[in-house]
1. Could you pull out the residue among 227, 233 that is in contact with a strand residue (DSSP E or B) (Cβ under 7 Å, 6 or more places away or on another chain), over 18 Å from residue 109 (Cα atoms) and surrounded by fewer than 16 Cβ atoms within 10 Å (Cβ to Cβ)?
2. Within the range 120-138, does at least one residue satisfy the condition of being part of a helix (DSSP H, G or I), touching a residue at least 60 places away in the same chain (Cβ under 8 Å) and in contact with a helix residue (DSSP H, G or I) (Cβ under 8 Å, 6 or more places away or on another chain)?
3. Look at residue 112 and say whether it is closer than 16 Å to residue 156 by Cβ, modelled with pLDDT of 95 or more and crowded, with 16+ Cβ neighbours inside 10 Å.
4. Quickly run through the range 99-119 and pick out the residues that are more than 16 Å from residue 67 (Cβ to Cβ) and touching a helix residue (DSSP H, G or I) at 6+ places or on another chain (Cβ under 7 Å).
5. Assess whether residue 142 counts as being modelled with pLDDT under 95 and buried (at least 22 other Cβ atoms within 10 Å of the Cβ).
6. In the range 213-224, which residue that is out of contact with any helix residue (DSSP H, G or I) (no Cβ under 8 Å at 6 or more places or on another chain) and surrounded by 13 or more Cβ atoms within 10 Å (Cβ to Cβ) is farthest from residue 92 (Cα to Cα)?
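The values are calculated or read from the model by the stated rules, or taken from the named source; none is laboratory data. This structure is a prediction, so every number in the text was calculated from the model and none was measured. Here the Cβ is made from the backbone with ideal geometry for all residues, glycine too, and neighbour counts use every protein chain on show.
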């Protein structure tokens, strides 16, 4: 009998993370759910024995190490990290961006992603057989910015470099990395951002199309279940008709 595949999902208490964690659990994966707030993680787990809830601040290296140690202790192996935790940060251009707001956005979106990827990489390279898959939640902002998103866009551009280096350095260990760039998946955060009209490059505001978050969960599950010999370095998925092509 084949052992169940296992995953760590960060930001699993809401939005994209919750939907993807639930899809993995429904598909028979054993999943460790990470996030700052225990109650939403418990809601995602929904009492399933194949889910492990580990409240974690991904900006804290000690907590991240504990997260992966607890996953390994419970499930024995790590097949997938969905590096999903992130924040939008302030609405500001670079001249308005305060040092504190910049550091707070950097800490979650980039430092947190690096810490989690590092722990996953160490375990995937050491386990036998070695290998695994890391999916980094980028954003279409890793390619084209929204107005007044200096902090968020800068951190998401940096995720592109992180993803490429993981894919390169992971070759000899059988570790692959995908950067998943999403546009307007319908979550509480996106509804707040674009629901009443999102700021456009020409200064106007427009209500933008959104897509159901279940479409993202289906994509993440499809990538996760690919054979180890297949890699998807980049994937962009947006709501049909959103102002992405031609944005800027």
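1. 233
2. So far as the range 120-138 goes, yes, one or more of its residues are part of a helix (DSSP H, G or I), touching a residue at least 60 places away in the same chain (Cβ under 8 Å) and in contact with a helix residue (DSSP H, G or I) (Cβ under 8 Å, 6 or more places away or on another chain).
3. Yes; evaluated as a whole, the condition is true for this residue.
4. Listed by number, the residues that qualify are 101, 102, 105, 106, 109, 110.
5. Values: modelled with pLDDT under 95: yes; buried (at least 22 other Cβ atoms within 10 Å of the Cβ): yes.
Answer is yes for this residue.
6. That would be 223.
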